[in-house]
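Asks: Handing you this structure, nothing more for now.
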Amino acid sequence: MFTDDTRKKIENITRGIIIEGEHDYCTTLRNILCRSYPTSTTVKENFESKSIVKEEQAQIILDFCKQNNLWVSEAPQSDCYLAQGGEARVYFLETDISVIKLNDAIYYATWLEFLTSILLHNVIFDNTKYTLLGFLQDFDKLYAVLKQPFIKCDSQVDLGDIKAFLEYNGFVNTMRQDYVHHKLGLILEDMHDENVLVFMDTLFFIDTVFYTVLPC
């Protein structure tokens, strides 16, 4: 079960409260956006109407990158390429056994929703915590450049184990591999066997998509 401290951190993120005492780029950018935009409590709705908001937030991110030298000049070499999912291109970084993910936030209506999801992942699944390295522009598309530990897999994960773990932590299975945490106002999607790995009987959630909704 979540500790009181973890619950408090989740509530602060979902409520759009400015997070003090953290100096990583993801938190800093999320705080900047939270000062001008509310945290969304709708799921996959009004993508078109929010496109202007997403462009506005992208410009804020671009300005922040220019001021803080956060531009990543190019993607990793092609021989480091591992895979491409729905939202990210994944590369293996052999020097420190990690992966680099280029994420264009396509699953999110705004960049604030994306940064909120990353922070929620880092609080809830800290053994696969993301580090935001910067941003990359490729053919006029903006990508967040994320670093994450590389997780070995020694067996096929059982979907029943994923369900049991999430239900133990207060999530309810709504359909297929989608879950909701009513009290915390969280939706977690696509928890299938490609997004969760198992090593030495420990589950590692490597790809998550969080949305915030009004808590019950």
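Asks: Whether any residue in region 107-116 is more than 13 Å from the chain's Cα centre (by Cα) and not β-branched (Val, Ile, Thr) is what I want to check.
Replies: yes
Asks: Now for a separate question. Taking ALA75 as meeting all but one of (1) more than 14 Å from GLN148 (Cα to Cα); (2) modelled with pLDDT of 85 or more, write down the number of the exception.
Replies: (2)
Asks: Any idea which of (1) within 17 Å of the chain's Cα centre (by Cα); (2) part of a strand (DSSP E or B); (3) surrounded by fewer than 15 Cβ atoms within 10 Å (Cβ to Cβ); (4) not charged (D, E, K, R) is the one ASN127 doesn't satisfy?
Replies: All conditions pass for ASN127, except number (2).
Asks: On to the next question. Within region 149-159, does at least one residue satisfy the condition of being in a helix (DSSP H, G or I) and within 18 Å of the chain's Cα centre (by Cα)? Please lay out each step first, then the result.
Replies: As a first pass, look at region 149-159 and keep what is in a helix (DSSP H, G or I): 159.
Now drop any that are not within 18 Å of the chain's Cα centre (by Cα), which leaves none.
Among the residues of region 149-159, not one is in a helix (DSSP H, G or I) and within 18 Å of the chain's Cα centre (by Cα), which makes the answer no.
Asks: I would also like to ask the following. Which one is farthest from GLY134 (Cα to Cα), of the residues in region 86-107 that are among the hydroxyl-bearing types (Ser, Thr, Tyr) and free of Cβ contacts under 8 Å to residues at least 24 places away in the same chain?
Replies: Of the residues in region 86-107, the ones among the hydroxyl-bearing types (Ser, Thr, Tyr) are 91, 95, 98, 107.
Add one more test, that the residue is free of Cβ contacts under 8 Å to residues at least 24 places away in the same chain, and what stays is 91, 95.
Details: TYR91: 15, THR95: 19 Å.
The residue in question is THR95.
Asks: Show me the strands (runs of 3 or more DSSP E) entirely contained within region 1-118 in which 2 or more residues are in contact with a helix residue (DSSP H, G or I) (Cβ under 7 Å, 6 or more places away or on another chain) and at negative phi. First the steps, then the outcome.
Replies: Details: elements: 81-84, 88-93, 98-103.
Passing ranges, in order: 88-93.
Asks: Sticking with this one: Check whether at least one residue in region 189-196 is in contact with a strand residue (DSSP E or B) (Cβ under 8 Å, 6 or more places away or on another chain), of a type in the set (Val, Ile, Thr), more than 17 Å from ASP126 (Cβ to Cβ) and crowded, with 17+ Cβ neighbours inside 10 Å, and report yes or no.
Replies: Of all residues in region 189-196, those in contact with a strand residue (DSSP E or B) (Cβ under 8 Å, 6 or more places away or on another chain) come to 189-191, 195-196.
Remaining after also requiring of a type in the set (Val, Ile, Thr): 196.
Next, from what is left, pick out any that are more than 17 Å from ASP126 (Cβ to Cβ): none.
The answer is no, given that none of the residues of region 189-196 is in contact with a strand residue (DSSP E or B) (Cβ under 8 Å, 6 or more places away or on another chain), of a type in the set (Val, Ile, Thr), more than 17 Å from ASP126 (Cβ to Cβ) and crowded, with 17+ Cβ neighbours inside 10 Å.
Asks: Sticking with this one: Restricting region 141-165 to residues that are small (Gly, Ala, Ser) and in contact (Cβ under 8 Å) with a residue 40 or more places away in the chain, which is farthest from LYS54 (Cα to Cα)?
Replies: Within region 141-165, the first condition is being small (Gly, Ala, Ser), and the residues that meet it are 144, 155, 160, 164.
Now narrow it down to the ones that are in contact (Cβ under 8 Å) with a residue 40 or more places away in the chain: 144, 155.
On the way: ALA144: 14, SER155: 39 Å.
In this case the residue turns out to be SER155.
Asks: If you don't mind, there's one more thing I want to ask. Quick one: which of TYR168, TYR130 is over 20 Å from PHE114 (Cβ atoms), aromatic (Phe, Trp, Tyr) and touching a residue at least 60 places away in the same chain (Cβ under 8 Å)? Talk me through it step by step, then tell me what you get.
Replies: Working: TYR130 fails: over 20 Å from PHE114 (Cβ atoms).
Unique residue meeting the criteria: TYR168.
Asks: State which residue is nearest to THR208 (Cα to Cα) when the search covers only region 141-188 and only residues that are of a type in the set (Asp, Glu) and modelled with pLDDT of 95 or more.
Replies: Among those that are of a type in the set (Asp, Glu) and modelled with pLDDT of 95 or more, it is ASP178.
Asks: Which residues, taken from region 177-201, are in a strand (DSSP E or B) and either touching a residue at least 40 places away in the same chain (Cβ under 8 Å) or among the hydrophobic types (A, V, I, L, M, F, W, C) (or both)? Reasoning before the result, please.
Replies: Kept after step one, since they are in a strand (DSSP E or B), are these residues of region 177-201: 178-181, 186-189, 196-199.
Residues satisfying the conditions are VAL180, LEU186, ILE187, LEU188, VAL196, LEU197, VAL198, PHE199.
Asks: Could you pull out the residue among ALA58, ALA75, ALA83 that is in contact (Cβ under 8 Å) with a residue 24 or more places away in the chain, in contact with a strand residue (DSSP E or B) (Cβ under 9 Å, 6 or more places away or on another chain) and over 29 Å from ILE10 (Cβ atoms)?
Replies: Values: ALA58 fails: over 29 Å from ILE10 (Cβ atoms); ALA83 fails: in contact (Cβ under 8 Å) with a residue 24 or more places away in the chain.
Among ALA58, ALA75, ALA83, only ALA75 is in contact (Cβ under 8 Å) with a residue 24 or more places away in the chain, in contact with a strand residue (DSSP E or B) (Cβ under 9 Å, 6 or more places away or on another chain) and over 29 Å from ILE10 (Cβ atoms).
Asks: Among the residues of region 197-212, count how many are closer than 17 Å to VAL123 by Cα and of a type in the set (A, V, I, L, M). Outline the logic, then answer.
Replies: Step one: list which residues in region 197-212 are closer than 17 Å to VAL123 by Cα, which gives 203-212.
Retained after the next criterion (residues that are of a type in the set (A, V, I, L, M)): 203, 206, 209.
Residues meeting the conditions: 3.
The values are calculated or read from the model by the stated rules, or taken from the named source; none is laboratory data. Every value quoted in this text rests on a predicted model; they were computed, and no experiment measured them. Positions of Cβ are backbone-derived with ideal geometry, glycine not excepted, and every protein chain shown enters the neighbour counts.
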